[in-house]
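**Q** Just dropping this structure here.
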Amino acid sequence: MTDYIYVDASYQRQNDVGSWAVVTEDKQYSGLIDAPNLHSFYCELYAVYQALLIAKQYDDVVIYCDNRGVVKILNRETDEVTQFIDYSKKRDSNFLHKVYYLYQDNPHIKIRKIHRSENKIADRVARNMLYNGVYNK
């Protein structure tokens with residue numbers, strides 16, 4: 001049984017490529033992100049999306065994310081939600097809404113903010129995926 005999941009993402013602006021990582025108690029998942037007009041927030045949101053898909057199979061789980069903005073928006077802890085949704089209409093609002101409603105539809109899943117230093121494994125997995133994806137094509 002998994003009761004925690006750590007997520008992180010990595011983004012390289014010069015190559016416009018991103019990666020995501022999800023780390024559970026017994027597995028590590030990762031991949032490259034292929035989307036137009038990538039940015040770091042989208043990559044972090046994509047990592048949380050992947051974690052939500054994995055977390056649906058468990059009874060109770062906490063997703064730990066080191067991106068304050070993602071956590072605040074998904075937990076409705078900020079007035080920036082409407083501001084970000086307005087901004088994202090130009091870029092990726094459909095995806096933001098998809099992630100948001102997936103989270104809201106699964107009350108057994110919680111998302112919590114952690115400090116970067118507590119997320120070293122997911123960070124390493126995301127950076128390794130990005131490095132391998134960019135330089136080993």
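The values are calculated or read from the model by the stated rules, or taken from the named source; none is laboratory data. The shown structure was predicted, so the numbers you read here are calculated from the model rather than taken from an experiment. As a convention, Cβ positions derive from the backbone with ideal geometry for all residues, glycine included, and neighbour counts pool all protein chains shown. The accessibility values were calculated without ligands, DNA or RNA, using every heavy atom of the protein model including side chains. Shrake-Rupley method; radii C 1.70, N 1.55, O 1.52, S 1.80 Å.
**Q** Kindly provide the set of residues from the stretch 102-137 that are small (G, A, S) and either within 23 Å of L32 (Cβ to Cβ) or under 16 Å from the mean Cα position of the chain (by Cα) (or both), ordered by number.
**A** Across the stretch 102-137, the qualifying residues are A122, A126, G133.
**Q** Is there a residue being touching a residue at least 24 places away in the same chain (Cβ under 8 Å), of a type in the set (A, V, I, L, M), open to solvent by less than 30 Å² (accessible area, probe 1.4 Å) and in a strand (DSSP E or B) anywhere in the stretch 36-48? First the steps, then the outcome.
**A** Restricting attention to the stretch 36-48, the residues satisfying the condition of being touching a residue at least 24 places away in the same chain (Cβ under 8 Å) are 37-48.
Then keep just the ones that are of a type in the set (A, V, I, L, M); that gives 38, 45, 47-48.
Next, from what is left, pick out any that are open to solvent by less than 30 Å² (accessible area, probe 1.4 Å): 38, 45, 47-48.
Okay, now just the ones that are also in a strand (DSSP E or B), so none.
Checking the stretch 36-48: not a single residue is touching a residue at least 24 places away in the same chain (Cβ under 8 Å), of a type in the set (A, V, I, L, M), open to solvent by less than 30 Å² (accessible area, probe 1.4 Å) and in a strand (DSSP E or B).
**Q** Kindly indicate the residue of the stretch 96-137 that is touching a Leu at 6+ places or on another chain (Cβ under 7 Å) and of a type in the set (S, T, Y) and also surrounded by the most Cβ atoms within 10 Å (Cβ to Cβ) among those meeting that condition.
**A** That would be Y103.
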